[in-house]
Each structure stands twice: as structure tokens, then as C-alpha cells.
Amino acid sequence: MLAILVFVVSYVVYGIDGESLKMENGVPLPCRFDVYDLNGNKAISVEEFLSATKGFTKMDRKILFERLDRNGDKVIGVGEFKYVPRSILKAGILNHCLRYRNNGCWGICWGI
């Protein structure tokens, strides 16, 4: 019983890959679209993104927004949010979100 408890706690703290779910600066980025989409219009504006990522310092948040905004229309739609560019994943940003695949969510969970 104790072994199961230790396993569950370890999984919650360290995730499936054994690395801490916290980013270098101690602030993980949210993985769900609805956390960023504050007004519920199914699009994330720059202002909404900056509000939801306060405290994140691993990368300039405006540059991160631009990389996620694949079509350059100044908003991140559901389709853009679902597919994170490899450069972002290689930098270790949003990798913690990939563990949600077990819940039927590929890439980033968009929660709509």
C-alpha cells in the first residue's frame, strides 16, 4: 500500500518522464486553452496571454505568443494552440502538457 502511495505522489509531482512539472523559474504555463481565453470567445488575444502567463520568465512572453500565433492574425485560435511548434518543445516550454495525452488530449489540452 505504501509503495502505491509513493508511486502516485511521485507521478503527480514529477510527471511521466521523471522531471519536475515546474519550469526553471517555478511557474509552469497552463495547458488548457480555456485558462488563457478569459472572455470565452475561442481566441486568445495578446492581453489574455500575457495575463495568463504572468511570472513566466523562461522566454519573452510576447515572442512566445508570436510563435504560437502561427498564422500571424494576432490571436491564438484553438487549432494553433493544439499544435505547439517544435522549437517551443525543444526549449522545454509546455513539455509538461504532453502528459495529458493519456486523457485523450494530444499536444495541448484546449478544454472547450
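Numbers below:
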quantity	calculated
Some residue of the stretch 24-38 being of a type in the set (S, T, N, Q), loosely packed, with under 14 Cβ neighbours inside 10 Å, modelled with pLDDT of 90 or more and within 21 Å of residue 88 (Cβ to Cβ)	no
Answer residue from the stretch 55-64, given it is out of contact with any Gly (no Cβ under 8 Å at 6 or more places or on another chain) and closer than 11 Å to residue 88 by Cβ and is most open to solvent (accessible area, probe 1.4 Å) among those	63
Answer residue from the stretch 82-110, given it is part of a loop (DSSP other than H, G, I, E, B) and open to solvent by 90 Å² or more (accessible area, probe 1.4 Å) and is modelled with the lowest pLDDT among those	106
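The values are calculated or read from the model by the stated rules, or taken from the named source; none is laboratory data. Here the structure is a predicted model, which is why all the values come from computation and not from measurement. Using ideal geometry, Cβ is built from the backbone for each residue, glycine included, and neighbour counts are taken over all protein chains shown. Heavy atoms of the whole protein, side chains included, go into the accessibility calculation; ligands, DNA and RNA do not. Shrake-Rupley method; radii C 1.70, N 1.55, O 1.52, S 1.80 Å.
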